[in-house]
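The values are calculated or read from the model by the stated rules, or taken from the named source; none is laboratory data. Computed from a predicted model, the values in this text were never measured in an experiment. Positions of Cβ are backbone-derived with ideal geometry, glycine not excepted, and every protein chain shown enters the neighbour counts. Areas reflect the complete protein model, heavy atoms only, side chains present, ligands, DNA and RNA absent. Shrake-Rupley method; radii C 1.70, N 1.55, O 1.52, S 1.80 Å.
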Amino acid sequence: MSASAWDRRIARAERLAGAHRAAAEMLKFYAQIARFQKTVYEAIEQEIHPDRALLTRHLAPLVSLVRGIGPPALVQAANEPESEAYAFFERALLQPYTESLARRGYTPLDSSPSTCPFCGEKPQAGVLREEGDGGKRSLVCSLCSTEWDFRRVLCPGCGEEALDKLPIYTASEFDYVRVEACDSCNTYIKTIDLTRDGLAVPVVDELATIALNVWAEENGYRKLQLNLLAM
Ligand SMILES: [Zn+2]
Ligand SMILES: [Zn+2]
């Protein structure tokens, strides 16, 4: 059932690659990585008692995939396990692993609601879904893709609750993606409004709209959690 979540991400990335020229190369690369992650996910799903050690066998194929099609910075990082950019390789393998564990409903760790109730990582994006008059917000975990309810007027970075400290910005080009900022901790998170575009796939549309990151950063906001491609 959940393997189709990977198929949806791949298909959406490929579709958006044709629509957003500025992000096309990055989205095509992401689609290839997601295709690889799907095979890791399927392998983990076969295991009755998955263990992180199982991921080591996928590292060499991932490195060789990135050497073939990756951006220069990642190709270089592949040779430097001590570099910051190397985190990409660990995270690219951990995502499908943790997502498989989360799907099985393994016992959640203790954490505040601002971080994932399953694995404790920060959210990658927000999601708005139809509910009553408005829309209900949830957050999507950057590692295991667990989604959890989160109040609309509340900063996941610092817990700020004052409406006037939590500005929301949109751009006409992407009217279904909101930059939700916080003037107390100067972080932002992008929220995908599925009431405006029901075909959006949050983790992919978040990537496709890097133009908004540039805008937010120029305006003094820092992203709460960088995505897999460190953007
Ligand atoms: Zn998580
Ligand atoms: Zn804040």
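Considering only protein heavy atoms and a probe of 1.4 Å, how much of the accessible area of the chain is carbon and sulfur, as a whole percent?
Carbon and sulfur atoms account for 52 percent of the accessible area of the chain.
At most 12 other Cβ atoms within 10 Å and a DSSP loop assignment: could you name the GluC sites (Glu not before Pro) in region 67-99 that fit?
Passing both the DSSP loop test and the Cβ count: GLU82.
Have a look at TYR86, TYR97, TYR30 and tell me which one the Gaussian network model of the chain (Cα, springs below 10 Å) gives the largest fluctuation.
With Cα springs under 10 Å in the chain, the top fluctuation among TYR86, TYR97, TYR30 is at TYR86.
Tell me, what is the FRET efficiency for THR56 and ARG129 to the nearest 0.05, using R0 = 35 angstrom and their Cβ-Cβ distance as r?
Calculated value: 0.40.
Peptides 191-198, 15-22, 120-127: what's the order by average Cβ count within 10 Å, highest mean first?
The most tightly packed comes first, giving 120-127, 191-198, 15-22.
Which length gain, in nm to one decimal place, applies between GLN46 and LYS136 when the Cα-Cα distance is subtracted from 0.36 nm times their residue separation?
Taking 0.36 nm per residue and subtracting the Cα distance, the gain is 28.9 nm.
Treat every Asp and Glu Cβ in region 145-231 as -1 and every Lys and Arg Cβ as +1, leave all other atoms uncharged, and give the resulting dipole magnitude about the Cα centre to the nearest 20 debye.
So the magnitude is around 140 debye.
Please sort 4-14, 162-172 by packing, taking for each peptide the average over its residues of neighbouring beta carbons within 10 angstrom, highest first.
With the highest mean Cβ count within 10 Å placed first, the list reads 4-14, 162-172.
In whole angstrom, note down how far apart the Cα centers of region 44-77 and region 158-208 are.
About 31 Å separates the Cα centre of region 44-77 from the one of region 158-208.
Which whole-number value in Å³ per residue fits the convex hull of the alpha carbons of region 85-231?
Convex hull of Cα atoms, per residue: 122 Å³.
In Å², and per residue, what accessible area does region 98-221 have when probed at 1.4 Å with the other protein chains present?
Result: 47 Å² per residue.
Relative to the longest principal Cα axis of the chain, at what angle does helix 24-45 sit, 0 to 90 degrees, rounded to 10?
60 degrees
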